[in-house]
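Peer 1: My structure is below; once you've seen it, I'll send some questions.
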Amino acid sequence: MSQPAIPRAERLIVALDVPEARDARALVERIGDAARFYKVGLELFSAQGYFDLIDWLVARGNKVFADLKLFDIPETVRRATANLSRSGATFLTVHAHSSVLRAAAAEKGAMRILGVTVLTSFDQSDLAEMGATKRLEDLVEERANATVEAGCDGVISSPHEAAQLKSRFGARLLIVTPGIRPAGAARDDQKRTMEVAHAFKAGADYIVVGRAIRQAADPRAVAQAMQRSIETIFPA
């Protein structure tokens with residue numbers, strides 16, 4: 001099934017990877033209208049005010065990506081997804097295990113479910129340590145296929161697998177890529193990274209950017225620069 005058209009200004013998702021909800025609100029206010037889509041993940045989920053923050057973002061007209069990477073027995077995932085579907089979040093992540101994906105798809109409502117393929121902090125050596133024998137690229141594609149078959153909407157994958165996934169699944173699968181860095185950025189715990197323009201040209205539908213914006217002296221200016229890059233790739 002084809003996905004609806006993506007507003008250009010929403011292709012940049014800013015990761016609110018901060019300790020407290022008040023820090024997240026302050027960052028959003030600094031960024032202003034330079035971003036419309038925000039990721040609220042596990043760090044904020046463990047702090048007070050997670051759902052109040054989602055309410056506040058939605059009331060501002062922002063979209064919300066609840067990046068919780070659910071992975072539990074299917075019935076627990078089903079019930080958690082049902083709760084989250086009423087939060088106003090647009091995206092929710094679950095690990096791309098078939099029974100977990102099916103459970104989330106059953107209760108997603110208008111929310112879209114993204115299957116986590118292989119974390120961008122992992123490479124082939126990490127998979128070997130976990131006992132996986134498949135090539136990383138093959139495992140990503142296998143999990144993406146499970147996501148489609150379960151009736152979910154997209155995947156989280158590094159930009160390095162985006163072209164492979166877009167070639168196979170086309171418009172049936174949204175590709176959301178973390179690990180986006182400006183040119184010349186220092187190496188960190190993300191092992192499979194890429195620059196903004198290259199990620200979209202590889203097939204990403206959305207990019208998730210955290211540190212490059214959050215740690216900047218002027219987060220709004222960095223977000224605006226990324227939006228200008230996006231405008232050159234997706235002209236109006």
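Peer 1: Kindly provide the set of residues from segment 87-96 that are open to solvent by less than 10 Å² (accessible area, probe 1.4 Å) and either at positive phi or touching a residue at least 60 places away in the same chain (Cβ under 8 Å) (or both), ordered by number.
Peer 2: Phe91, Thr93
Peer 1: Between residues in segment 34-57 that are on the phi > 0 side of the Ramachandran plot and residues that are buried (at least 20 other Cβ atoms within 10 Å of the Cβ), which pairs lie under 7 Å by C-beta distance while being six or more apart or on different chains?
Peer 2: Within 7 Å, the pairs are Gly49/Ala21.
Peer 1: Exactly one condition in (1) open to solvent by 10 Å² or more (accessible area, probe 1.4 Å); (2) over 28 Å from Gln215 (Cβ atoms); (3) not in a helix (DSSP H, G or I) is not met by Ser99; state its number.
Peer 2: (3)
Peer 1: When you look at Asp55, is it acidic (Asp, Glu), in a helix (DSSP H, G or I), modelled with pLDDT of 95 or more and over 26 Å from Gly179 (Cα atoms), yes or no?
Peer 2: Against the criterion (acidic (Asp, Glu), in a helix (DSSP H, G or I), modelled with pLDDT of 95 or more and over 26 Å from Gly179 (Cα atoms)), Asp55 qualifies.
Peer 1: Another question, then. Taking into account only those residues within segment 59-83 that are outside any strand (DSSP E or B) and buried (at least 23 other Cβ atoms within 10 Å of the Cβ), which is nearest to the chain's Cα centre (by Cα)?
Peer 2: This residue is Thr81.
Peer 1: What single numbered condition from (1) modelled with pLDDT of 95 or more; (2) over 17 Å from Gln227 (Cβ atoms) fails to hold for Lys39?
Peer 2: (2)
The values are calculated or read from the model by the stated rules, or taken from the named source; none is laboratory data. These figures come from a predicted structure and were not determined experimentally. Positions of Cβ are generated from backbone atoms using ideal geometry, with glycine treated the same way; all protein chains shown enter the neighbour counts. Each accessible area value is taken on the protein alone, full model and side chains, heavy atoms only, with ligands, DNA and RNA left out. Shrake-Rupley method; radii C 1.70, N 1.55, O 1.52, S 1.80 Å.
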